[in-house]
Amino acid sequence: MKRKTYQTILLNGMLLIMVIMILTPVAYIFATSLKRTADIYSGTLLFEPQINNYQEIFTGSRSNFIELTRNSLVVASVTAIICGIIGSLGAYSITRLKWSRWVNGGILIWLLFVNMMPPIVFVTPYYLWTRSLGIYDTPFAVVMAHVVLNMPLAVIMMTNFFAEVPKEMEEAAMIDGCNQFQAFMLVVVPMVRPGLAAMGVLVFVFSWKEFLFALSLTTTRAGRTIPVGIANFVQEFNIRYGEMAAGSFFAMIPALILVLFAQRHIIKGLTVGAVKG
Amino acid sequence: MNKYVGRFSRRDFLKAVAAVSGGLAARPWLDISYKALAQDVASMPPITVLINDSPWFPGFAAMVELYTETTGNEVNLDVTPFAGMLDKTRNATQANESEYDAVAITEQNIPFFYNSGLLSPITDIDSGYELDSNIISYGDAARWDSDLGINGPDGTLLGVPINGNIQLYYYRADLFEENGITPPQTYDEMEAIAEQLATPRLFGNANRANPIWWEFGAYVDSYGAPYVGLNAETGNWEVGFEKPEGLEAVNRWLTLGRTWAPQNYADLGQGDLIALMSSGRLAQVHMVGAAAPNFDNPESSTVVGMMGATVAPGLTAETRSPRSGMWVMSHPSNLPLERQQAGLEFVKWLTTKDNQVAYTLAGAIPVRQDAYEELSTDDAVGWWTGAFAESTPFIKPETRLPETPIIRDSVSTRMAQAYVDEISAEEAVELMGSEIRAIMEDAGYSMG
Amino acid sequence: MTQDVLQSPRPVADTPRRILPNVLFGQGSFKYWALAPLVIVLAVLTVLPILQLLRMSVSDIQFVEGQLEWEYVGLEYFEDLRADPIAMIAIRNTLTYVFFAVLIETVLGFLLAFAVSRTRALAVLYRSVVIIPLLIPPVAIGTMWSLIYDYNYGLISTVLFSLGVANPPLWTADPDLALLSVIIVDVWHWTSFMFLIMLAGIESLPVSLVEAARVDGATERQILQKVILPLMAPTILIAMMLRTILAFKVFDQIFVLTSGGPGTATQVISMHIYKVFSEQFRLGYASFLSLLVTMIMTVFVVFYLWANSRVRSRLS
């Protein structure tokens, strides 16, 4: 019993150190968002907090941070959902459904190849395609690009998690009269919920922070996302630190809430559905 | 209603609009000429302009507002981060039809776009258009001589300057006065001043290290050893680092950059130099001229009213060679004529003298000598517009070749290495010389 | 074997006429339906750009009179590589960067995931805190860390100065510390990536195995070493593979933080490729470099896949 208490303290101590290490720079970003530029330049630790930077990014008819945040949330969620569905189905098919080595090997190699390419390779083709499809400067254009960029991550992660599911589970379900789709949905998916949730969160995150395509495939507030708005603060020869900090800090909050909510929701079924082998 | 896309400071924008209207109130004649001018502007369909967010953007946006107000012509701005300008312009000019009626092109991208055939000659859009002689030439930045493959006075007019940024020398006028120092004209004087003023709390001088190229260009030019130069007599291209002056320029840069600088001299970007100057920790600096309005902003600067500026020093007073880092506005060739005309109409309006004065008061950097001269006695902006006006005869832009970006890679890499003693100054000069020669020979230039 | 029977009650290679309906509607058709969207996405959206890249890597491409002109140059770009002042330095730095960043993040990510999986109290707090660094755009991460590291007005030196330290470290301005500084930022930014995958892996482990070990009187440490680590090995390797590929592509964060300096201490290859591609518009050489880097990454990927198949065959 004593050893257990000791271990718990050690464990939580370690985790608290982690929390502090992660949060110190975040707190610094928050502090910077409350500083005047002159206070940032002087590096002082004591300063008079003011909310000018937040006013700058929100007030007035010309401000577009709300729209950028909305676009980012839409783009990242839709990308995560599409990658989640297409990626899991595809990953399940190639890990479990008896394709020849050539098919599943070929697809995996192609995915890795796509993943290893510098993304800039896709920029000009996608620009021209989205213009001729008429989806340029909409969230759809950005979603399209993000789905491609994140598909390798989605499929490769899910092949790993599907491989952990014992084969006997599906076989038993199918003997009980399920067809393959039902076996997948009712037996396999519940068992990989943690993996599915992690994949969804990561795809969301990558889409949320992607800059190059968000910039190249949009031109107005109808399509632009947060990273483009943030990058505008890095100017030709100057950086608007305060507003950048305010923008980054603010944009993080809705995303964090959404991610936590979605993650909980996906994982919740875990204990109910899983019949652990 | 105009719409803006990127992020820029609303406060700065309002200030800029106020400055324009304030300027109008203070100068009734200007107001009249606006109204007269507005009548000259034809009614045009709405246009979209690609522009980057920058410290001078609020001034540009204020003028756009004024243009719409006085002429009724609508302007949409795609405000894009600086880093994305090149790719966005390139994409737009490659599509079936460009999304932009006018694109802002920064000086270092001029050779690519002028040489590519992706832009329309201005005279194809308006056959009667002539560049006003008061618009500063910046080494014929508006024209491209396709026979020579460089900017040249006889070249085709492909763009109109809209931002006249150059390098300036900034100093703390209060400290200089206190110590009886007159602003320097040479590097020797700069070094003496750095030595005299440096204290543990005040750095004598600092140079930009990220990257070492643009400001250093003024050094090599002043030493008569430009990165590349066409010898008019022989018709051959020459490499400056193959001359003894090349090494002298490097050593001068290293001395001025390291000796009186903060310890992190190897990692200083333009933003750091602005921060050091704004917070009163730097006595003098050779830096981007467009930063001047920053020092007058009490939000960020503790040296408001203490700043002075003049022509960036050189080896001698006569060989001072500040570089330009300006912008032109051009019109993609994949546009119907009406759209190009609508775009050009705005550029013409923006570059008239009165509008250039208003543009300056709103916080932007004009391109006309008469605007600079008129404002050089202004209480607010006179300290730097005067220095711009004074610099014009000395401006020595870089030789803009399609290969310049590759040459830049060699110079900025080798100089960065020399700056932290990864290699010696001699090695750096040797390597830059041979690398630049190879780049030029590969591209087929005739070399001396 | 049983599955085969279930999938195709009739012999598949019957006649071509019968295969198609079977693929679309038959009992085993799920196999095809499930894979189709993925194949369509890849075929429509990736094949052309990648073929174009392969073609570019052996071509010289210029704009002439507003039109792109292609000229086949074969393997000429090996010469450009030899003349390139940065490419080899950047590749070397990238390898160092990838190696240390991925290694540190793997170890930390696993330890944290294990620790969080063992705790009940505050688990929600830990989970939410961990996600935060991932939600900040890399440009902002680079910028904010440059403020933290800055010698003159940064957080670290301000604190050290006020504690009476005369010469605080220069971090990104010191050629010897710069790469380390950049790796620290990477660890702060990306450990969460490893954490999320590994935590999912631990949570997917059969609970009974851990319980059984505990009933048998194994200590936590033994459970970790003998049960969790071996079972987790495939997940760890996959996470490392994905992270390695990502780390090779690191860009904005370093670009804002150091732009490759001081000297060439933090030049990385993705930054160089971008410069060659965009600023210098040498599409051919940039594509050639991209393929070169892809080959280097492939060495890592093949290693991970090989290791993965070994641990998997040992597990089963």
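Enumerate the whole-percent occupancy of each 20 Å bin, from 0 to the last occupied one, for all C-alpha pair distances of the protein assembly as shown.
The percentages, shortest bin first, are 12, 42, 33, 11, 1, 0.
Pull up the DSSP beta bridges for the protein assembly as shown and report the antiparallel fraction as a percent, rounded to 5.
Details: 33 of 46 bridges.
Antiparallel bridges make up about 70 percent of those DSSP assigns within the protein assembly as shown.
Where the convex hull is taken over the Cα atoms of chain B, what is its projected area averaged over directions, in nm²?
On the way: hull surface 83.4 nm².
Result: a mean projected hull area of 20.9 nm².
Return the aspartates and glutamates within reach of B:LYS353: Cα separation strictly under 17 angstrom, same-chain partners fewer than 8 residues apart disregarded; answer none if there are no such residues.
The reachable aspartates and glutamates, counting only those whose Cα sits under 17 Å from B:LYS353, are B:ASP31, B:ASP40, B:GLU130, B:ASP132, B:GLU345, B:ASP370, B:GLU373, B:GLU374, B:ASP378.
Would you kindly compute the Cα radius of gyration of the range B:331-410 and its largest Cα-Cα separation (Dmax), both in Å?
16.9, 45
If the viscosity is 1.567 mPa s and the temperature 4 °C, what Stokes-Einstein diffusion coefficient in µm²/s follows for the range B:103-197 when Rh is the Kirkwood radius over Cα pairs?
It comes out at roughly 79 µm²/s.
Report Rg(Cα)/(2.2 N^0.38 Å) for the range C:90-192, keeping two decimals.
On the way: Rg = 16.1 Å, N = 103, 2.2 N^0.38 = 12.8 Å.
The range C:90-192 yields a ratio of 1.25.
For chain C, which DSSP H helices look membrane-span-like by this rule: Cα extent along the axis of 24 Å or more and mean Kyte-Doolittle of at least -1.0? Working shown, then result.
On the way: long enough: C:87-118 (45 Å, 1.59); C:178-204 (39 Å, 1.60); C:229-248 (27 Å, 1.86); C:283-315 (46 Å, 1.17).
Both cut-offs are met by C:87-118, C:178-204, C:229-248, C:283-315.
I need to check one value: relative contact order of chain B, counting alpha carbon pairs closer than 8 Å and at least 6 residues apart, in percent.
Details: 853 pairs, mean separation 107.2, N = 448.
Relative contact order here is 24 percent.
Strictly greater than 18 Å: what percent of every Cα pair in the range B:224-355 meets that? Show your work: numbers first, answer last.
Values: 6217 of 8646 pairs.
The calculated P(r) of the range B:224-355 puts 72 percent of pairs beyond 18 Å.
Largest first, please: the extent of the C-alpha atoms of the range A:96-151 along each principal axis, to the nearest Å.
Dimensions of the range A:96-151 along the principal axes of its Cα atoms: 41, 23, 16 Å.
Could you work out the Kirkwood radius for the range A:36-141, taking every pair of different alpha carbons, averaging 1/r and inverting it, reported in Å?
On the way: mean 1/r = 0.0531 Å⁻¹.
Computed over the range A:36-141, the radius equals 18.8 Å.
Net charge near B:GLY280: determine it from the other residues with C-beta under 13 Å of the C-beta of B:GLY280, scoring Lys and Arg +1 and Asp and Glu -1.
Working: positive: B:ARG172, B:ARG201, B:ARG281; negative: B:ASP174.
That sum, taken over residues with Cβ under 13 Å, equals +2.
Using Cα springs under 10 Å in a Gaussian network model of chain B, which residue among B:GLN284, B:GLN369, B:GLN196 shows the largest mean-square fluctuation?
In the Gaussian network model the winner is B:GLN196.
Taking the Cβ-Cβ separation of C:PHE161 and A:THR59 as r and a Förster radius of 22 Å, what is the calculated FRET efficiency to the nearest 0.05? Working shown, then result.
Details: r = 37 Å, r/R0 = 1.66.
So, using R0 = 22 Å, E works out to roughly 0.05.
As an exercise, use a Förster radius of 35 Å and the Cβ-Cβ distance of B:MET447 and C:PHE303 to find the FRET efficiency, rounded to the nearest 0.05.
Working: r = 47 Å, r/R0 = 1.34.
For B:MET447 and C:PHE303, the calculated efficiency is 0.15.
Would you compute, for the Cα atoms of the range C:34-152, the largest minus smallest coordinate along each principal axis and list the three values in descending order, in whole Å?
Principal extents (Cα only, largest first): 66, 54, 27 Å.
How much length is gained if the chain between C:ARG92 and C:ALA43 is pulled fully straight, taking 0.36 nm per residue apart and subtracting their Cα-Cα distance, in nm to one decimal?
This chain segment gains 14.2 nm when fully extended.
Which chymotrypsin sites (Phe, Trp or Tyr not before Pro) does the range A:196-227 hold that lie in a coil by DSSP with at most 13 other beta carbons within 10 Å? Let's see the in-between values first.
Working: sites: A:PHE204, A:PHE206, A:TRP208, A:PHE211, A:PHE213; in loops: A:PHE211.
For chymotrypsin sites (Phe, Trp or Tyr not before Pro) across the range A:196-227 that sit outside H, G, I, E and B with at most 13 neighbouring Cβ atoms in 10 Å, the list is empty.
Give the Cα extents of the range C:159-242 along the principal axes, in whole Å, largest first.
Taking the Cα atoms of the range C:159-242, the three principal extents are 57, 30, 18 Å.
Obtain the nm distance between the two label points defined at C:ALA123 and B:GLU373 by a simple spin-label model: each point lies 7 Å from its Cα along the Cα-to-C-beta direction.
7.8 nm
Output the 0 to 90 degree angle, nearest 10, between the alpha-carbon long axis of helix A:193-209 and the longest principal axis computed from the alpha carbons of chain A.
30 degrees
If eta is 0.692 mPa s and T is 37 °C, what Stokes-Einstein diffusion coefficient results for chain A, Kirkwood Rh from Cα pairs, in µm²/s?
Working: Rh = 21.7 Å.
Calculated translational D: 151 µm²/s.
So which of A:LYS167/A:LYS209; A:LYS98/C:LYS226; A:LYS98/A:LYS209; A:LYS35/B:LYS88; A:LYS209/C:LYS275 end up more than 26 Å apart by C-alpha? Present the calculation step by step, with values, prior to reporting the outcome.
On the way: A:LYS167/A:LYS209 37 Å; A:LYS98/C:LYS226 32 Å; A:LYS98/A:LYS209 37 Å; A:LYS35/B:LYS88 33 Å; A:LYS209/C:LYS275 21 Å.
Result: A:LYS167/A:LYS209; A:LYS98/C:LYS226; A:LYS98/A:LYS209; A:LYS35/B:LYS88 exceed 26 Å.
Ignoring everything except DSSP H segments at least 4 long, calculate the 222 nm mean residue ellipticity for the protein assembly as shown; use -39,500 (n - 2.57) per segment, divide by total residues, nearest 500.
On the way: 45 runs with 605 residues, N = 1041.
For the protein assembly as shown, the value works out to -18500 deg cm²/dmol.
If you restrict to DSSP beta bridges whose two residues both lie in chain B, what percentage is antiparallel, to the nearest 5? Numbers along the way, then the final one.
Working: 26 of 39 bridges.
Counting only bridges with both partners in chain B, antiparallel ones make up about 65 percent.
Pick out which of C:ALA113, C:ALA166, C:ALA36 has the largest mean-square fluctuation in a Gaussian network model of chain C, springs linking Cα atoms closer than 10 Å.
Maximum among the listed residues: C:ALA36.
Give the aspartates and glutamates whose C-alpha is closer than 17 Å to that of C:LYS31, dropping any in the same chain fewer than 8 places away, or say none.
A:GLU170, A:GLU171, C:ASP4
Scale the Cα Rg of the range B:302-448 by the rule-of-thumb value 2.2 N^0.38 Å and send over the ratio, two decimals. Intermediate values should be presented prior to the final figure.
On the way: Rg = 20.7 Å, N = 147, 2.2 N^0.38 = 14.7 Å.
Ratio of Cα Rg to 2.2 N^0.38 Å: 1.41.
Convex hull volume of the Cα atoms in the range B:376-448, per residue, in Å³? Present the calculation step by step, with values, prior to reporting the outcome.
Numbers: hull volume 10.7 nm³, N = 73.
Spelled out: Cα convex hull of the range B:376-448, divided by residues, is 147 Å³.
What net charge is computed for the residues neighbouring C:PHE195, neighbours being all others with C-beta under 10 Å from the C-beta of C:PHE195, Lys and Arg scored +1, Asp and Glu -1? All intermediate terms of the calculation are to be shown ahead of the outcome.
Working: positive: C:ARG127; negative: C:GLU105.
So the surrounding residues net to 0.
Where is the GNM fluctuation largest for chain C (alpha-carbon springs, 10 angstrom cutoff): C:GLN222, C:GLN67, C:GLN280?
Of the options given, C:GLN67 has the highest mean-square fluctuation.
Is the shape of the range C:232-316 rounded, prolate or oblate, going by the alpha carbon gyration tensor and its root eigenvalues a ≥ b ≥ c, with a/c under 1.5 for rounded and a/b larger than b/c for prolate? Kindly include the intermediate steps, with their values, before the conclusion.
Values: a/c = 3.82, a/b = 2.09, b/c = 1.83.
Prolate, since a/c reaches 1.5 and a/b exceeds b/c.
Please report the relative contact order for the range B:236-384, taking Cα pairs under 8 Å with a sequence separation of at least 6, and give it as a percent rounded to a whole number. Display every interim value, and only then the final one.
Values: 91 pairs, mean separation 21.0, N = 149.
Relative CO of the range B:236-384 lands at 14 percent.
Can you compute the FRET efficiency between C:VAL207 and C:SER313 using 1/(1 + (r/R0)^6), with r the Cβ-Cβ distance and R0 = 30 Å? Round to the nearest 0.05.
With R0 = 30 Å, the Cβ-Cβ based efficiency is 0.75.
Could you line up A:PHE249, C:PHE63, C:PHE99, B:PHE241 from fewest to most neighbouring Cβ atoms inside 10 Å? The partial results should precede the final answer.
Details: A:PHE249 22, C:PHE63 19, C:PHE99 14, B:PHE241 28.
With the sparsest Cβ surroundings first, the list reads C:PHE99, C:PHE63, A:PHE249, B:PHE241.
In µm²/s, what is D for the range C:37-99 at 25 °C and 0.890 mPa s, where D = kT/(6 pi eta Rh) by Stokes-Einstein and Rh is the Kirkwood radius from Cα pairs?
The Stokes-Einstein estimate is 167 µm²/s.
Near B:GLY257, within a Cβ-to-Cβ distance under 10 Å, what is the net charge of the other residues, with Lys and Arg +1 and Asp and Glu -1?
Numbers: positive: B:ARG208, B:ARG252, B:ARG258; negative: B:GLU215.
With Lys, Arg at +1 and Asp, Glu at -1, the neighbours total +2.
Counting pairs of Cα atoms in chain C, how many percent are more than 32 Å apart?
When all Cα pairs of chain C are counted, 50 percent exceed 32 Å.
At 7 Å along Cα-to-Cβ for each site, give me the label-to-label distance between B:THR68 and B:GLU390 in nm.
Reported label-point gap for B:THR68 and B:GLU390 is 4.0 nm.
Where a number appears in this text, it was derived from the coordinates with a stated rule and is not lab data. Please read all numbers here as calculations on a predicted model, not as lab measurements. With ideal geometry, Cβ positions are generated from the backbone for all residues, glycine too; neighbour counts draw on all protein chains shown.
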